[in-house]
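Asker: First the structure, which I've put down as structure tokens, then a few questions once you've had a look.
The values are calculated or read from the model by the stated rules, or taken from the named source; none is laboratory data. Treat the numbers as computed from the prediction; the structure is a model and nothing was measured. In this analysis, Cβ positions are derived from the backbone assuming ideal geometry, glycine residues included, and neighbour counts consider all displayed protein chains.
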């Protein structure tokens, strides 16, 4: 059942790569897992749809590797590559907003899927916060692409993030409130997204039914 | 949600301003300092110390604009240790091991408690029994640094083909004390020297299950007898079977390769060097 979604994600690669990834999922010991991790990161940085679900593939490979030989070659390479990209993130953002947004989506997705003893990976907490804080800066709030990404990530992992570090979540929400209330030039769409996420957290990481109706009833049109 | 977002966005785009407004950010600065002086002033999300460490030496020193608070509080371990720990992969591995050790510690405590209870019962009925176990709770090793170092050593031993073969060939209930290798108990208080010796002997015994390399296992076992008599402490810790290499070339090569590989990601030897000063067993 899980495999079917993974397979559909894998469709976006060329045939050789598809085969490599499928082997990595079944028999990780027989492939070069550094190559595999690089392929997944590269694709995530290019493909926004892929970056939203790539964490699941990573999770499956990590599990398979642990089961097969108690190894963590894939995870180590994946995380270190993510760290490499993290260092260059300002450069990436300048070069391509889309790649930057893909990066944030991907690292958040990895944070969401990969756990250590069922707990979030501590090493990623601050980097993820750093990315989200960056998206909450005034210049980033001017880009709906970035606001959209920020809000989506908070919907997905906001609650977990807050549990591991409330202080930084508070900091982040100071920025979001400031942005919503004071920043000139925000599009109404960006304001709407910000307002919704403010309500979302205020409601204990969920929307009340009336709030939900307010924000989402227009889908019917 | 994104579909809805998109349609909405098109309307919103028409009213888009150019991005010159910097006013609001100044507000937020003032406010944040009021709440907590240690907060980051500008959200200028530049890397933190551990992250810079991976960089060249120059860029690490050059972190002047950064508020001093901008280090990672949770990861006190990696930051205070050597630079090798700075990459995320290693951090997560350390984290994993630390949590594993703490989980083991809870289990071990429970087991001791259980043992104590049965012991008490036995005492009331028979009146006497060997009771060295009952004091184990007090003599338990709880120093995290020691436990982590020991766990690392154990992991290296377990991360071998020989160990896999051993646990497959000899099921737990068949193992006899003194005959089969038994993983040293990391929760017992031992001197550093004693512990290292136990690890060494354990690894040597495990070598009996190295994958067959032409010569068969008898040779290896012979060597173990010899090694047992030698003062093994004089041999470098991670190459306890160095003297075997002449007799069992094939299996030895794979083994030392494994070890070399581990050297890159952090050897027990290196860790020991950084921690010798704090090791209580040495005093």
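Asker: Got a sec? Which of A:63, A:98 is under 28 Å from residue B:101 (Cβ atoms), more than 11 Å from chain B (Cβ to nearest Cβ) and in a helix (DSSP H, G or I)?
Answerer: A:63
Asker: Would a scan of the stretch A:119-127 turn up a residue that is in contact (Cβ under 8 Å) with a residue 40 or more places away in the chain, buried (at least 18 other Cβ atoms within 10 Å of the Cβ) and over 17 Å from the mean Cα position of the chain (by Cα)?
Answerer: Within the stretch A:119-127, not a single residue is in contact (Cβ under 8 Å) with a residue 40 or more places away in the chain, buried (at least 18 other Cβ atoms within 10 Å of the Cβ) and over 17 Å from the mean Cα position of the chain (by Cα).
Asker: Let me ask something else about it. Can you pull out every residue in the stretch A:178-187 that is crowded, with 16+ Cβ neighbours inside 10 Å and either in a helix (DSSP H, G or I) or more than 9 Å from chain B (Cβ to nearest Cβ) (or both)?
Answerer: Of everything in the stretch A:178-187, those that are crowded, with 16+ Cβ neighbours inside 10 Å and either in a helix (DSSP H, G or I) or more than 9 Å from chain B (Cβ to nearest Cβ) (or both) turn out to be A:178, A:179, A:180, A:182.
Asker: Yes or no: residue A:193 without any contact (Cβ under 8 Å) to a residue 12 or more places away in the chain, at the interface with chain B (Cβ under 9 Å from one of its Cβ atoms) and assigned to a helix (DSSP H, G or I)?
Answerer: For residue A:193, the condition - without any contact (Cβ under 8 Å) to a residue 12 or more places away in the chain, at the interface with chain B (Cβ under 9 Å from one of its Cβ atoms) and assigned to a helix (DSSP H, G or I) - is not met.
Asker: Condition test on residue A:135, is it within 13 Å of the chain's Cα centre (by Cα), in the same structural domain as residue A:195 (by the TED database) and free of Cβ contacts under 8 Å to residues at least 40 places away in the same chain?
Answerer: Values: within 13 Å of the chain's Cα centre (by Cα): yes; in the same structural domain as residue A:195 (by the TED database): yes; free of Cβ contacts under 8 Å to residues at least 40 places away in the same chain: yes.
It is true that residue A:135 is within 13 Å of the chain's Cα centre (by Cα), in the same structural domain as residue A:195 (by the TED database) and free of Cβ contacts under 8 Å to residues at least 40 places away in the same chain.
Asker: Let me ask another. Of the conditions (1) surrounded by fewer than 22 Cβ atoms within 10 Å (Cβ to Cβ); (2) at the interface with chain B (Cβ under 7 Å from one of its Cβ atoms); (3) in contact with a helix residue (DSSP H, G or I) (Cβ under 8 Å, 6 or more places away or on another chain); (4) in contact (Cβ under 8 Å) with a residue 24 or more places away in the chain, residue A:165 fails just one. Which one is it?
Answerer: (2) is the only condition that residue A:165 fails.
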